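Report on the following structure.
Read-outs: derived from the displayed coordinates by stated rules, not from any lab. In this text, all values refer to a predicted model and were calculated from it rather than measured experimentally. Every residue, glycine as well, gets a Cβ built from its backbone with ideal geometry; the counts of neighbours run over all protein chains shown.
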Amino acid sequence: MRQITTTTVLTLLTPAIAAAQEPTIDPLQYPGAAWSPYLVGALIGVLSMFTFYFSNKPLGASTAYARIAGLLGKVIAPTHTKSLKYFKDNPPKIGWEFMLVVGVILGGFVSAWSGGELTGRLLPEMWQARFGPDSGGLRIAVALAGGILMSFGARLSGGCTSGHGISGTLQLAVGSWVSAICFFIGGIAVAMLMFT
Amino acid sequence: MSTILEQPTPETVPTPVPEPNEPAVPASKLRTLMLGLVFGIVFGFLLQKGGVAKYHVLIGQLLLVDFTVVKVMLSAVIVGMIGIHAMHRLGMVEMHIKPTRYAANIIGGLIFGAGFALSAYCPGTGAAALGQGNYDSLVMIGGMIIGAYLFAESSGWLAMKVNPIGDRGELTLFQWIPAHRSTVVLLTAALLAAVLATIETLNV
């Protein structure tokens, strides 16, 4: 059993090991932002003023995923899900946060469609350049692991790149500044290991 | 805003006695949901136009080659910080300060960062990336749901063992620094603007 697992992991990692010998891939050879990042940032700042004023809520995306997890958990294992501390403190429901994430998907589509930037593929270009065109399995494993870690980390630290990184830091919450800096420390370390 | 939601209600007032509270609650709930959707559409549109839904832009930031993510975040913080603190001073908005718990913030932050690099999306930009047509973000979303349940499984233990370490409650920078709140806001904004100016002069 252990033998099989090791072989599977090695097979998944082979393209990664092969690509490790190649020179570093330059992210700047791909198209960047369509609009000025300063304009987009300023408009997101205005948007957060709107969410505070009209919805009495800070912009934040990660809570929505926890709400979905709770709703699915209540279908699969209702008693156990209701017994968990997090779901007792944060009852799962379809609310503002869930609709925000649904809106983000729609807004991302409208923006990419209007700018002729719809991609429609599993593997991002830079990923393919680094790990090869046949690395679909590896990408799925890595993206899944990434999602699990991000969600766990966001819930433990209390927010994500939008909840802490934008909404928390702009309120000058000390914990949000600490968390946001740690997001980048952890991210830089792992990205450097993956790409250099 | 409420005019749109009132449209389904017919001109003639329905029987007043049977359901006195029924229409009022769903209407406010519907307003909350619709506002969330509209704000989300604007947010997703801006994230994609800002380039932060793209794999190479996110990884480029973490490799310290492309500073688009930092430019978007810091300009959002500068504008939002001045705007929201001014609105708060005028009594227009409430603050939503998240608790400072050093151990949970640091450990959770580092775990989040590792996942951020692996997926190359964040919870918000990953959703925008799905709209853009990056199908790998769908796998990330599945992972986010699993990760949230795993956190819930351990939430009782973590709340007991990790959260109390370095728990400072709703601590803010202007409680720390012995200066007027507005001064701290303006100084922070100036400092962040200086960081952006430095990034621009270094041409990264």
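On full extension, the segment bounded by B:LEU187 and B:VAL65 gains 41.1 nm, given 0.36 nm per residue less the C-alpha separation. Report relative contact order for the range A:37-120 in percent, whole number only (criteria: Cα-Cα under 8 Å, sequence separation at least 6). In percent, rounded to a whole number, it is 26.
Are there DSSP H segments in chain B that both extend 24 Å or more along their axis (alpha-carbon positions) and score a mean Kyte-Doolittle hydropathy of at least -1.0? List them, or say none. The answer, listed by residue number, is B:24-49, B:68-89, B:102-119, B:136-161, B:181-202.
For chain A, modelled as a GNM whose springs connect Cα atoms under 10 angstrom apart, the maximal fluctuation among A:TYR86, A:TYR65, A:TYR38 occurs at A:TYR38. Across peptide A:80-86, the average count of Cβ atoms from other chains found within 10 Å of a residue's Cβ is 5. Only helices enter the 222 nm calculation for chain A: every DSSP H run of n ≥ 4 contributes -39,500 (n - 2.57), and dividing by all residues gives -21500 deg cm²/dmol, rounded to 500.
Mean sequence separation of contacting Cα pairs (under 8 Å, at least six apart), scaled by the length of chain A, corresponds to a relative contact order of 30 percent. Spin-label pair B:TYR102-A:LEU71: with each label point 7 Å from Cα along the Cα-Cβ axis, the two points sit 4.0 nm from one another.
In peptide B:160-168, how many Cβ atoms from other protein chains are near each Cβ within 10 Å, on average? Average neighbour count from other chains, rounded to a whole number: 1. Take the Cα of A:ASN56, step 7 Å toward its Cβ, do the same at A:LEU193, and the gap between the two points is 4.4 nm.
Could you compute the longest span of chain B free of GluC sites (Glu not before Pro) located in DSSP loops and having at most 13 other Cβ atoms within 10 Å, not counting the site residues?
Numbers: sites that count: B:GLU11, B:GLU94.
So the longest stretch without any such site is B:95-204.
Considering only B:PRO99, B:PRO178, B:PRO26, the Gaussian network model of chain B with Cα springs below 10 Å gives its largest mean-square fluctuation to B:PRO26.
From helices alone, chain B scores -23000 deg cm²/dmol at 222 nm; the rule is -39500 (n - 2.57) for each run of n ≥ 4 DSSP H residues, then divide by the residue total. For the residue pairs A:LYS57/A:LYS82; A:LYS85/B:LYS98; A:LYS93/B:LYS49, the C-alpha atoms sit more than 28 angstrom apart in A:LYS93/B:LYS49. In percent, how large is the relative contact order of chain B, given Cα pairs closer than 8 Å and 6 or more residues apart? Relative contact order comes out at 27 percent. The peptide list B:75-87, A:124-136, A:152-164, put in order of mean Cβ contacts within 10 Å with the highest first, becomes A:152-164, B:75-87, A:124-136.
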